[in-house]
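The values are calculated or read from the model by the stated rules, or taken from the named source; none is laboratory data. Note that the structure is predicted; figures quoted are calculated from it, not measured. Using ideal geometry, Cβ is built from the backbone for each residue, glycine included, and neighbour counts are taken over all protein chains shown.
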Amino acid sequence: MVDQSDFRSLAEVIREYYEERKSQPAVGLSTKYYEFRAMQVENSKLERFNGVPPGEDQILWELVGGSNSGEIRIDKYILHHSRMLEMPLLFFHKVSNAPQKTVLWFGETGKATRADWPELEKFLQSGYNVVTFDFRGLGETRMMYTAVSPDDPSLGKLDFDRAYASSLSGVLANYVYNSLLTGHPYFFQMIEDSQIASRFATEKLGTKSIAVAAPGDAYTLASAIAEIFPEIKLLPQQNATALKWSEIVERKQQTWPIQYLVPQGAHIH
């Protein structure tokens, strides 16, 4: 681009490639998920953890703690799955009420933190229990590496959280790229995690109906979950919109949440 007067950016090349094939039949998001997923969550055995790692067809739950805050009970679980993976999960519910309906809630960095309590409290006061969890590679399951890139000098000036999630050179980006090479894109791995959490909430926690809600960029993932699993209702969030891959290509947008990278995403309707 520096040396040639007739240069074209890679974003322009990608857009041209997309425009040439824009008329091809669109693919449903659900179809892509079931094509790329690694685990048949609906057919896996949900059982109590007994210290032995799960098999490929097992989801093992473990209660590891809990506390009360007034009328609210917070239970912490670890869900063991996919042989070596662990999912930290928090279950917020009123002590006096039996579970009836539950909302899956998560943010851009995983499960809820202390700063998210006002948001969770709204759901609890509206009659929902709340299940919030860390997707693999986020929250408590982050890979504790510091990314340093000679191609991205600004990375070293960021705090750990922002450097980790950098869409250009971060640790999470490296995981996303490798997930494509293994045939199980990270975006669909996160959706698989949500399916595991939903099944646990239904079968172990006894909830009768499931909804999903997420603020900011995480709303893209929440809307995808609700689209793939019709039994999960999407709760609208103020000022939140779902990312559209075709619009990213059309705008030649170079940076966006890398965890939402999806093969042929521009052709997904």
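State which residue pairs qualify: first residue within 10 Å of Ser166 (Cα to Cα) and in contact (Cβ under 8 Å) with a residue 60 or more places away in the chain and inside region 250-266, second residue among the acidic types (Asp, Glu) and outside any helix (DSSP H, G or I) in any location, beta carbons under 7 Å apart, and separation of 6 or more residues or different chains.
Pro257/Asp217
Report the residue count in region 111-122 for those that are of a type outside the set (D, E, K, R) and more than 20 Å from the chain's Cα centre (by Cα).
1
Name the residue that is modelled with the lowest pLDDT, counting only residues in region 136-170 that are closer than 24 Å to Ile225 by Cβ and not in a loop (DSSP other than H, G, I, E, B).
For region 136-170, the residue satisfying everything is Asp161.
Do you know which of the residues in region 105-125 that are under 23 Å from Ser223 (Cβ atoms) and among the charged types (D, E, K, R) is surrounded by the most Cβ atoms within 10 Å (Cβ to Cβ)?
Checking each candidate, the answer is Lys111.
For residues that are surrounded by 13 or more Cβ atoms within 10 Å (Cβ to Cβ) and basic (Lys, Arg), scanning just region 23-59, find the one that is nearest to Gly206 (Cα to Cα).
Once the filter is applied, the top-ranked residue is Arg37.
From the list Tyr164, Tyr128, pick out the single residue that is touching a residue at least 60 places away in the same chain (Cβ under 8 Å), buried (at least 21 other Cβ atoms within 10 Å of the Cβ) and on the phi < 0 side of the Ramachandran plot.
None of the others qualify; the one that does is Tyr128.
Can you tell me which of Glu86, Glu71 is of a type outside the set (S, T, N, Q) and modelled with pLDDT under 95?
Only one candidate passes the filter, namely Glu71.
Name the residue, out of Lys233, Lys244, that is over 25 Å from Tyr175 (Cβ atoms), surrounded by fewer than 17 Cβ atoms within 10 Å (Cβ to Cβ) and either among the charged types (D, E, K, R) or in contact with a Lys or Arg (Cβ under 7 Å, 6 or more places away or on another chain) (or both).
Criteria check complete, one pass: Lys233.
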